[in-house]
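Inspection log for the structure reproduced underneath, given as structure tokens.
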Amino acid sequence: IMKRYFVQTFGCQMNVHDSRRIEEVLRAQGYREAEEPSLADLLVVNTCSVREKAEHKLMSLLGTLRPLKEQKRGIVLAVAGCVAQQEGEKLLKKAPFVDLVLGPDNIPELPALVQQAEQGAPPVARTVFDMEDPQFLKASPRADRPEVSAFVTVMKGCDERCTFCIVPYTRGSERYRSADEIVGEIAGLVAGGVREITLLGQTVNSWHPPEEADLKPSSRRAPSSSQFAGLLRRIVREVPDLARLRYTSPHPRHLTDPLIQAHVELPQLCTHLHLPVQSGSDRILRQMARRYTAQEYISRAKALMAAKPGLTMSTDIIVGFPGETEEDFQQTLRLVEEVGFVAAFCFKYSPRPYTPALKLGDEVGEDVKDERLARLFALVEKQQQKHLATLVGTEQQVLIEGPSPGDTGRFTGRTERNEIVHVIAAEGVDPTGTLVRASIDEAFRHSLSGLMPGASTPPSPSKPARKQLTVV
Ligand code: SAH
Ligand code: F3S
């Protein structure tokens, strides 16, 4: 009989990507996806521990899965991801109804471990990094659910030691994937219908060929993004059908001239960059061990925007880092204005196990964090609104990802700058997977609406027969 899995994912894009690899490993063993947890033989919870909130969410989810696990004999419950790596065996003590604890590098072992659990083996934790022989599970086009946009891992782990961050601990030291493997995977995805690739890594622009890795951790190497720029050029050259290329998340200290030059040269490189800044105060940046000043960040960001007109930027910001004063926070607000971010992920600092920032003391009160977060949100919202409003009346190239959620008759896609657009297509046309021109007619809080040539508004309520459109 066919076994069914259900994967629940928390956290970042890296985790979403890992969940896909988990599914592929299981599908290769004949597993199929279950529509809901209660129909599954195997439950995998892929966890995030980057902030306290994510960890709490996991513990409450495990609580809700417990009755299911106890009622249904033979069901296997696995916890994967960063909390698994961080807690290891301890998690089996905290949640004794869990069968498997699996670190990010141990995904290939999942089917064998599940089989052992089914045969009555005791709970087990496997959280070993593959330092000697790093493996990158290959992403393949998915036949049952074709995708327009896909992620490709270029490196894993992190050698930076930002003092607030648990990632170096849960993901290990940096390991790089070979250019041949990266290009091969992208070519395969594009041949399978993918149009847009996002290269993925914790400090993605520190990439260099694994054979050129010296013994120094990359955090001690001089900033250089020329090898990453070379990788971008090679991808574009060798996969000519790739329509769009993105990467996330770059570290500001590796955004140097050669990478800016690649943005100028390569039309496939999208005109948006997510570049985490964390704070606008030099004092706080130093305490965070970010290794740039606010002015250095600003001048690199401005150099990029000047070299590539129309490029927009987004960022990550932490408020309430230990010792952050009102003046420090105001410097962050000023930096947000000066760079002109069109979006930002804003977080309240949360103390994480094993991180150096724990020793700083000098905690900022929760009410102060809340208040700063609200002010920061308001500023970012204002800038986002202003930016989206400037797009009304313009024409944009939109890569359509599929029908909009809900029965709206529209299709959802993204501009080159990653703005979400809900478009009305011409009668009877399904533009999924194609680049279309859309005239933008309205700006909402976080998205836009637009019309494709030949479309009339509003969309006809009767569902049109879908025709595949050839590439525009
Ligand atoms: N380089 C990674 C960063 C991973 S963590 C990347 O590719 O995105 C993602 C974001 O979470 C960080 O940029 C930071 O803004 C936030 N973050 C990390 N640790 C945090 C903590 N202890 N408290 C609050 N926010 C944190
Ligand atoms: Fe974390 Fe800093 Fe690395 S935020 S992932 S330690 S670059």
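Observations
- Condition broken by residue 59, with the remaining ones in (1) among the hydrophobic types (A, V, I, L, M, F, W, C); (2) at pLDDT 90 or above; (3) farther than 16 Å from residue 117 by Cβ; (4) away from ligand 2 (no atom under 16 Å from the Cβ) satisfied: (2)
- Residue tally, condition of a type outside the set (A, V, I, L, M, F, W, C) and closer than 19 Å to residue 65 by Cβ, over the range 99-121: 2
Listed here are the residues, each with its yes/no results for (1) touching a helix residue (DSSP H, G or I) at 6+ places or on another chain (Cβ under 9 Å); (2) among the acidic types (Asp, Glu); (3) more than 29 Å from residue 347 (Cβ to Cβ).
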{"site": "33", "(1), (2), (3)": "yes, yes, yes"}
{"site": "38", "(1), (2), (3)": "yes, no, yes"}
{"site": "46", "(1), (2), (3)": "yes, no, no"}
{"site": "49", "(1), (2), (3)": "yes, no, no"}
{"site": "61", "(1), (2), (3)": "no, no, no"}
{"site": "92", "(1), (2), (3)": "no, no, yes"}
{"site": "103", "(1), (2), (3)": "yes, no, no"}
{"site": "113", "(1), (2), (3)": "yes, no, yes"}
{"site": "123", "(1), (2), (3)": "yes, no, yes"}
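- Qualifying residue in the range 357-366 (condition: of a type outside the set (Gly, Ala, Ser) and more than 16 Å from ligand 1 (Cβ to nearest atom)): no
- The single residue among 283, 237 that is more than 30 Å from residue 184 (Cα to Cα), modelled with pLDDT of 95 or more and outside any strand (DSSP E or B) turns out to be 283.
- Identity of the residue in the range 147-168, of a type in the set (Ser, Thr, Tyr) and under 16 Å from the mean Cα position of the chain (by Cα), that ends up farthest from ligand 2 (Cβ to nearest atom): 149
- The residues in the range 183-201 that are more than 20 Å from residue 258 (Cα to Cα) and either buried (at least 21 other Cβ atoms within 10 Å of the Cβ) or of a type outside the set (A, V, I, L, M) (or both) can be counted, and the count is 11.
- Flag: residue 85 does not match the condition of being free of Cβ contacts under 8 Å to residues at least 12 places away in the same chain and either touching a helix residue (DSSP H, G or I) at 6+ places or on another chain (Cβ under 7 Å) or away from ligand 2 (no atom under 16 Å from the Cβ) (or both).
- Residues of the range 333-359 satisfying the condition of being part of a helix (DSSP H, G or I) and more than 16 Å from ligand 2 (Cβ to nearest atom): 333, 334, 335, 336, 337, 338, 339, 359
- When 187, 191, 229, 179 are screened for being away from ligand 1 (no atom under 15 Å from the Cβ), free of Cβ contacts under 8 Å to residues at least 40 places away in the same chain, of a type outside the set (Asp, Glu) and farther than 26 Å from residue 288 by Cα, only 229 passes.
- Yes/no for residue 293 being hydroxyl-bearing (Ser, Thr, Tyr), farther than 16 Å from residue 345 by Cβ and touching a residue at least 12 places away in the same chain (Cβ under 8 Å): no
- Residue 200, sole failed condition from (1) out of contact with any Phe, Trp or Tyr (no Cβ under 8 Å at 6 or more places or on another chain); (2) modelled with pLDDT of 95 or more: (1)
- Inter-residue pairs, beta-carbon under 7 Å, first closer than 25 Å to residue 292 by Cβ and in the range 148-165, second within 11 Å of ligand 2 (Cβ to nearest atom) and part of a strand (DSSP E or B), 6+ apart: 164/318
- Test result for residue 235, more than 26 Å from residue 306 (Cβ to Cβ) and either in contact (Cβ under 8 Å) with a residue 60 or more places away in the chain or crowded, with 23+ Cβ neighbours inside 10 Å (or both): no
- Residue in the range 169-178 that is of a type in the set (Gly, Ala, Ser) and within 16 Å of ligand 2 (Cβ to nearest atom) present: yes
- Filtering the range 276-290 for residues that are closer than 25 Å to residue 391 by Cα and crowded, with 18+ Cβ neighbours inside 10 Å leaves a non-empty set.
- Filtered by the rule that a residue be hydroxyl-bearing (Ser, Thr, Tyr), part of a helix (DSSP H, G or I) and in contact with a Leu (Cβ under 9 Å, 6 or more places away or on another chain), the range 286-310 gives a lone residue, 297.
- Checked against (1) touching a Lys or Arg at 6+ places or on another chain (Cβ under 9 Å); (2) modelled with pLDDT under 95; (3) closer than 19 Å to residue 150 by Cα, residue 177 meets all criteria but (2).
The values are calculated or read from the model by the stated rules, or taken from the named source; none is laboratory data. Only a predicted model underlies this, so the values are computations on that prediction, with no experimental measurement involved. FYI the Cβ positions are ideal-geometry reconstructions off the backbone, even for glycines, and counts take in every protein chain you see.
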